[in-house]
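Worksheet for the structure shown next.
Read-outs throughout are calculated quantities, based only on the coordinates presented, and are distinct from any laboratory measurement. Please read these numbers as outputs of a predicted model, since none were measured by experiment. All Cβ positions, even for glycine, are placed from backbone atoms using ideal geometry, and neighbour counts span all protein chains on display.
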Amino acid sequence: MILYRQNYAALTFVPKPRKRRPILSIRPRRVRGRRKPNAPTGATRPAFDLLGRIDEIRDRHGLSDSAIGRQAVNDPNLVYALREGRRIREQTRARIEACLDQIEGGC
């Protein structure tokens, strides 16, 4: 027969209630993960016009979609996301176009 010892100190332990910090302002608390309402978002729009050029370069140079995305903005899912309607900023569009120009000019 196996006997177990009982921890009687743990059975009688009652934790102290935690002290709540007083609310010093009436400003609403910021929820993590949400963007600040006044944060600049930048103009975004879908990039369907780039897909034709990407397809031409991909076929001509034998590259994959993930290789082009990784080379352009270090995102292997970029081309797949663009086909699904991903919206990109003007800075990202410029980086993609510069990379496509470099690929075309390199060969």
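Structure above, values below:
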{"item": "Number of the condition not met by Gly52 [criteria: (1) assigned to a helix (DSSP H, G or I); (2) in contact with a Pro (Cβ under 8 Å, 6 or more places away or on another chain)]", "result": "(2)"}
{"item": "Enumeration of residues in the range 63-83 that are aliphatic (A, V, I, L, M) and in a helix (DSSP H, G or I)", "result": "Ala67, Ile68, Ala72, Val73, Leu78, Val79, Ala81, Leu82"}
{"item": "Tally of residues being exposed (fewer than 12 other Cβ atoms within 10 Å of the Cβ), touching a residue at least 12 places away in the same chain (Cβ under 8 Å) and in a helix (DSSP H, G or I) across the range 84-97", "result": "2"}
